[in-house]
Amino acid sequence: MKRTHPPCRAAVTRREGGVNRAKSAAGELWIPDAEHVWKSAEILKDFHFGDNILELLLEDGTEHHLPVDPSNPQLPPLRNPDILVGENDLTALSYLHEPAVLHNLKVRFVESRIIYTYCGIILVAVNPYKQLHVYGDAIIHAYSGQNMGDMDPHIFAVAEEAYKQMPRNQKNQSIIVSGESGAGKTVSARYAMRYFAVVSKSGSKTNVEDKVLASNPITEAIGNAKTTRNDNSSRFGKYTEIGFDRRYRIIGANMRTYLLEKSRVVFQADNERNYHIFYQMCSCAHLPEFEHLRLLAADEFEYTSMGGDIRIEGVDDKKDMEETRQTFSLLGLKEDFQSDVFKVLAAILHLGNVEIRNSGDAHSSVPPGDPHLAAFCELLSASAEGLVRWLCHRRIVLVAETVVKPVPKERAVSARDALAKQIYAHLFDCIIKRINTALQVPGQQHAFIGVLDIYGFETFDINSFEQFCINYANEKLQQQFNLHVFKLEQEEYMREDIPWTLIDFYDNQPVIDLIEAKMGILDLLDEECLFPQGTDQSWLQKLFNYLDANPLFEKPRLSNEAFVIQHFADKVEYQCTGFLEKNRDALYEELVDILRDSKVITGEYCACINDEKQSSVNSKGIKVRPARPGVKAANKQLRTSVGDKFCSSLSLLMETLNATTPHYVRCIKPNDVKLPFEYDSRRVVQQLRACGVLETIRISAQSYPSRWTYIEFYSRYSILMSNQEAILSDKKQTCKNVLQRLIQDPNQYKFGRTKIFFRAGQVAYLEKLRLDRLRGACATIQKHVRGWCQRRKYLRMRAAAIILQQYIRGKKSIRLEALKQGWATLVIQRYWRGYRMKQIFLVVRLASITIQAFTRGWMARKRYKKVREKALILQKYARAWLARRRFQTMRRAGRDAFRVTSARAFHVEDVTKSLLSQQNKENRGLMERLTHLASANSHTVDRLQGLEAQLEKSNSQKASVEAREKKVKEDASLVSLEVDCYRRLSLLYEPFEKQQLILATDNCTAPEGNRRSKARKAELGEKVGRFHQRANFDSFTQVFDETTIGRIAENNIDIQTQDHEREVESLKEEIKRLKEERVSLQRKIEEGGQVNSDLQEQLVQLTKHVKVIPELRRDLNKLQNQKNSMDRKMKQQSEQARGTYLIQTPTPAIPKDYLGMLEYKREDESKLIQNIILDLKPKGVVVNVIPGLPAYILFMCVRHADYLNDEVKLKSLMSGIISAVKKVIMSHRKDFELLSFWLSNTYQLLNCLKQYSGEEEFLKQNTPRQKKNCLQNFDLSEHRQIFSDLAIQIYHQFVSVMEKTLTPAIVPALLEHESLQGFSSMKPTGFRKRSNSTCEDSETHTISSIVQQLSVFHSIMSQHGMEPGLINQAVKQMFFLVGATTLNNIMLRKDMCSCRKGMQIRCNISYLEEWLKEKELQSSHAIDTLQPLSQAAWLLQVNKSTDDDAKEITDKCTELNPVQIVKILNSYTPIDDFEKRVTSSFVRKVQSLLHDRDGSTSQLMLDSDYRFQVTFPYRPSSQALELLQVPSSLHLGFLTRI
């Protein structure tokens, strides 16, 4: 292999006493190793061309000399820098070769415990043999909608990419899952289908996605078995097409199977089992529904006990059987079908126990009383005699006759086993067909995603026909894979305008031709199967004869019963024994006829038997083009061989895959002993070679494997730029200039439109330059820091030396004069200090005396106060004794006065009763008189009718004269009658008016009138009404009597009757006016009583005290005087009342006192709802009004309905408000301002309903006027609950809108944006590029974007007057979303787990803390929700090496559970070589410390959809309802303030 990297070097530095060897990217390489395949070594001496030995130092410290051919030196592959090890994508490695891939997978799997890795378009999945917390619904939702390179590698990322490309490219997709048995193919395919079922819920009620998932337990039960390599090995290939409609929701599914291992039914190797369904049935043999099957234990059946061990550790067959039956029912497979299936399966088990004996002379027989034979025939309703005959005999059809020939025991046993295999195979096909039928639902399929779960390349110690077919299928899939990878590479180059050069890649077409071409292996096998006497040896000899010249076909040296094929993965030796028998898959026609006659095996099952080929290749109208010409049948009895059927189905599969966009998942088995996270390099590299991963690496390495966007390159290698290059504004041109300066060979890189393409090794070279620059910068910084420290140390030492010199020099220069001056100085200081102390003493003494004086005065005043208090107490008791004596004297006098008053009261009551009785008697007399007059009137009318004829004959002149005279008399009598009527009316009405005025006067003069005045008022009102009726009736009767008698006497009663009737009507109208005036007076009295309700309460208290007050006589005199004055006032009011029917006297103006209610008409209710709710816009007229005004207006309308005691109106209004608010919220679900506005108003209305409900718990903080405004007639507690539910609904929608607005910016702002300049955490990426780094002009989110958006939310909520408690809850919910989303992305993104990223996160959290302080929201405790994120950031920054570090981590990371802590430690990724990786031993130490933590959960992800419980705190409003005014801008002119 040619190398493009520079010669290997080793930096050697000698130091005292030893040698210090510095490692570099060019100084480490990989050498072959028998145990570990490859091992790392370091170059000790520079290598030059011509040297024949490469001196190396191994990791264990030993030296190694690697021989090299000087003429053609093949240098070992170089090792990547440590900074590139452990990447998500293998194509991000600078050196792409086998040891680099093997080491990268090992680091990720063993050290980081990560099982998924990208290799270009391939997802490599290593089986952990352990349950991991990475498949929950939270993980699914985290990957949903994400680009494939934005998150850590995962099977969900591949499924999401397929689901996303389906609508984007309008093309069907396929996910190809392959690998060895035990590598985890079935689980990976199951998780992929589960992902589609979760993210694409069907719109129908058939729950088709549940049925798709339910099909897995059934297919695993009938198609999976335990092998030496896997406890749940799929023994068939499966391609599941999941159909989607035009809205890309699951609409159905279809399943196709390939190459079921039928031989397992009748044979299992040691430590293997038959298919799971047999053991599940045997574990339930004791159940009543299985008793008729006559099942035994699994170790008592021949077909289930061959492998020896019938149990699987950790598997409960009985429980699995329950799940299998439940999934049968879920798929709609009825009980009778299930019963038939279990009968057939039980019959197969009994058939295996049928004993076939050797009868001699190549004869065989079955004992007639064999119980298993009877059970088989009974279960299948088959003929026992016919079965026994054709098991032990064979029919041979000759040209002239048909011969029945007995067969020996061996062939009879083979016929029995062949029958069992055929029954099971066709039962399997029948079940798959019924499952496909159940998975189809009504509707047209628009697209599909296929999931192919197929066996990988297999090579065992003994390889037979099954391994040959499996490896043939993998050759076809590998060819398709190579072409697809080649095509993607070409598209990438064309998209970036890079010149395309042909790449030499391995083409396995010759191997495929060797197998399927004419005169190939399969063609010769089918030809040999046509001959009745054909054998495996004869077929093998044909292979040697025809294919000996093919370089891919070999003959083993030590075996004559095998052949070798050079596959793309490895050489495989196949044993020819059994090839013909397995390819023929022969079953005697007589046995088939017996099955056709069975009553159990009918319908679809027989159809499967009769039409095998059509059942195997049928698929939705896709035309199948065979890979090779088919062999024509020589006669009717010729059957299609297994190889031919497999070729046809494989051709159909390849045609389907070629019509889709494939996505590849390669499952790797890390070890053969199934130990968790154990890595066997030899087994892994064998699978990597077989599954095409290394081929992908080889294709990529031949061109430009490393690809960086310009932004990534600029961010990573800006440290290598000069000042002139860094100041350029065009980053793309800057990258070109830097690269051209650093790498002189232009063939080592290419500039694309958005990316830079590098040859292998160039990124490692750039990393070396970057590391050297950083090392140089570190050395420079260390140099200056050390120099500064040394200078400081030198200056301190110099200053100390100067001081010492001063003292030493001063000691020599001391003289006697200096001593005298010193002594004099001390004396002066002594006297001065004494004087100062004396002055201080005097000041302190004066202050002490002053304090004593004030203290003594205070104590004397205190004693005086105590004596004075005691004197007051004595005076109080003395005066109380004297007052009690006076009170007893006054009480005795009061009792005497009370007796006199009571007597007078009884006398007044008797007078009143006598007046009323006289009035009643008078009324009864008037009534009797009226009745008598009415009867006399009827007789008079009869007489008048007789006299009318006589009167008409009288002289007209005399009649007219008499009429005029009588008319004058009539007028006079009417006037006198009217005066008399009014006189009597006033006399009768006067006592009632006096009583009413007395009560009114009592209300006015005595503010504390009693409560019984209302009842007396109502009684007097009824009496007045009855009086008016009687007065009207008496006046009418009197007038009628006088006029009737006068008219009879004058013989002109008709004319006078008409005139009097008109006059009576006028009087009635006048009386009606008086009634209306009386009603108006009563209303005024009632309103006065309501307004003065406080006075009435005081009146009640006064009436109670009146009974005790001894001065009752003086009060009686006062009341008598008041009565007299009220009599005079009543007379005046009665006179005014008489004239009101003629002239309305104007009432004096009363100042308005509003009651805090709004009146509206019933027909205006819809207009009110429309204007105040439906048409109201927060951005319109509401801006300039007080917050919560709509809520206040609506509540004032509710108060008016309550005041009127109108239940219908109240219920209608409340229902209208609730319906309108719901309508507004539903029609504006995404309008944040409207949701905020109505959340605030709904909360305010709910508070008003509580505040004015009248309940004690809500009245504590109300003012007296607010207590008076409480609701009087209705309990609205039920409506409060409805409004509370409505507010909760609005709040959740309100939070959802905030979350949808904020979520897209969280990860880019808190994780991806680098708020700390100069702390770049960007690393090389591979084929999967970050979506946010591909376009320079794309929208970028920063932490400022988050803060700005939060400020917008807070401003809107504050503007709408939202209660601070609700704002705190909303902010806390948003902070939780920020923390949970960010932490979840850290858990799923290994590239974000670095020390620098932790610093960036801590910085961003500080910005959020500052925002909370700025808005004064610390009381919301929102910052507490960021504690898990803050601790994760701290964990990324802290040291992770010693035991003390582990103890500190366990003590401080209290908000993170053990799974999250271990995940972060395993995912920690150094950005530079200066950082260290976290060792496995340290992780295990932390795990042991976390093991005993109480209350910890095992969830990896936080539930970002979690909602804190919202509470609506009660906050009474200080707003006075009576002072509110409705602005005209609301168009509510129809509302009237009461």
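Key figures for this structure:
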read-out: Some residue of segment 875-892 being modelled with pLDDT of 80 or more and touching an Asp or Glu at 6+ places or on another chain (Cβ under 9 Å); value: yes
read-out: Where a residue in segment 518-535 is within 14 Å of ALA586 (Cβ to Cβ) and its partner, wherever it lies, is of a type in the set (Lys, Arg) and in a loop (DSSP other than H, G, I, E, B), with Cβ under 6 Å and at least six apart; value: none
read-out: Every pair of residues 6+ apart whose Cβ atoms lie under 6 Å, when the first sits in segment 280-298 and is at positive phi while the second is among the aliphatic types (A, V, I, L, M); value: ARG294/ALA375
read-out: Among residues of segment 329-346, those that are in contact (Cβ under 8 Å) with a residue 60 or more places away in the chain and touching an Asp or Glu at 6+ places or on another chain (Cβ under 9 Å), counted; value: 2
read-out: Among (1) out of contact with any strand residue (DSSP E or B) (no Cβ under 7 Å at 6 or more places or on another chain); (2) of a type outside the set (Ser, Thr, Tyr); (3) at pLDDT 85 or above; (4) closer than 19 Å to SER715 by Cα, the one test that GLU767 misses; value: (3)
read-out: Filtered residues of segment 454-484 (kept if assigned to a strand (DSSP E or B), open to solvent by less than 10 Å² (accessible area, probe 1.4 Å) and closer than 19 Å to ILE175 by Cβ); value: ILE454
read-out: Scan of segment 121-172 for residues that are open to solvent by 20 Å² or more (accessible area, probe 1.4 Å), among the acidic types (Asp, Glu) and modelled with pLDDT under 90, ordered by number; value: ASP137
read-out: Filter result (assigned to a helix (DSSP H, G or I), without any contact (Cβ under 8 Å) to a residue 24 or more places away in the chain and open to solvent by 50 Å² or more (accessible area, probe 1.4 Å)) within segment 733-775; value: GLN733, LYS736, GLN740, ARG741, PRO746, ASN747, ASP772, ARG775
read-out: LEU930 modelled with pLDDT of 70 or more, surrounded by 10 or more Cβ atoms within 10 Å (Cβ to Cβ) and in a helix (DSSP H, G or I); value: no
read-out: Criterion: modelled with pLDDT of 90 or more and surrounded by 17 or more Cβ atoms within 10 Å (Cβ to Cβ) - qualifying residue of ARG707, ARG666, ARG698, ARG716; value: ARG666
read-out: Lone qualifier among GLY182, GLY243, GLY237, GLY252 - being of a type outside the set (A, V, I, L, M) and out of contact with any strand residue (DSSP E or B) (no Cβ under 6 Å at 6 or more places or on another chain); value: GLY182
read-out: Residue within segment 268-279 that is small (Gly, Ala, Ser), open to solvent by less than 60 Å² (accessible area, probe 1.4 Å) and not in a loop (DSSP other than H, G, I, E, B) present; value: no
read-out: Segment 242-274, residues that are touching a Lys or Arg at 6+ places or on another chain (Cβ under 8 Å) and in contact (Cβ under 8 Å) with a residue 60 or more places away in the chain; value: ALA253, ASN254, MET255, ARG256, THR257, TYR258, LEU260, GLU261, LYS262, SER263, VAL265, VAL266
read-out: Entirely in segment 301-420, the strands (runs of 3 or more DSSP E) that have 2 or more residues that are surrounded by fewer than 15 Cβ atoms within 10 Å (Cβ to Cβ); value: 357-360, 393-397, 402-406
read-out: Failed criterion for GLN445 (all others in (1) out of contact with any strand residue (DSSP E or B) (no Cβ under 6 Å at 6 or more places or on another chain); (2) open to solvent by 10 Å² or more (accessible area, probe 1.4 Å); (3) assigned to a loop (DSSP other than H, G, I, E, B); (4) of a type outside the set (A, V, I, L, M) hold); value: (1)
read-out: Total residues in segment 621-663, condition farther than 30 Å from GLU589 by Cα and modelled with pLDDT of 85 or more; value: 11
read-out: From the options ILE1423, ILE1449, ILE1461, residue that is assigned to a helix (DSSP H, G or I), touching a Cys at 6+ places or on another chain (Cβ under 6 Å) and at pLDDT 90 or above; value: ILE1461
read-out: Complete set of residues in segment 74-119 that are in a loop (DSSP other than H, G, I, E, B), among the β-branched types (Val, Ile, Thr) and touching a strand residue (DSSP E or B) at 6+ places or on another chain (Cβ under 7 Å); value: ILE115
read-out: Hits in segment 595-616 (condition: at pLDDT 60 or above, of a type in the set (A, V, I, L, M, F, W, C) and open to solvent by less than 20 Å² (accessible area, probe 1.4 Å)); value: LEU595
read-out: Matching option when the condition is open to solvent by less than 70 Å² (accessible area, probe 1.4 Å) and polar (S, T, N, Q), among SER1528, SER1441, SER1518, SER1420; value: SER1420
read-out: Output for segment 1247-1302, where each listed residue is of a type in the set (Ser, Thr, Tyr), open to solvent by 20 Å² or more (accessible area, probe 1.4 Å) and at pLDDT below 90; value: SER1253, THR1263, SER1277
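Here is a yes/no grid of residues against (1) open to solvent by less than 70 Å² (accessible area, probe 1.4 Å); (2) over 30 Å from ASN747 (Cβ atoms); (3) not in a loop (DSSP other than H, G, I, E, B):
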site: ASP497; (1), (2), (3): no, no, no
site: VAL511; (1), (2), (3): yes, yes, yes
site: LEU525; (1), (2), (3): yes, yes, yes
site: GLN537; (1), (2), (3): no, yes, yes
site: TYR546; (1), (2), (3): no, yes, yes
site: ARG557; (1), (2), (3): no, yes, no
site: VAL564; (1), (2), (3): yes, yes, yes
site: TYR574; (1), (2), (3): yes, yes, yes
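Residue-by-condition table, conditions (1) among the basic types (Lys, Arg); (2) closer than 19 Å to ALA586 by Cβ; (3) at pLDDT 90 or above:
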| site | (1), (2), (3) |
| --- | --- |
| TYR424 | no, yes, yes |
| ILE431 | no, no, yes |
| GLN444 | no, no, no |
| PHE460 | no, no, no |
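The values are calculated or read from the model by the stated rules, or taken from the named source; none is laboratory data. Predicted, not measured: the structure shown is a model, and the values here were computed from it. Glycine gets a Cβ as well: all are built from the backbone with ideal geometry, and neighbour counts include every protein chain shown. With ligands, DNA and RNA removed, areas are computed over all heavy atoms of the protein, side chains included. Shrake-Rupley method; radii C 1.70, N 1.55, O 1.52, S 1.80 Å.
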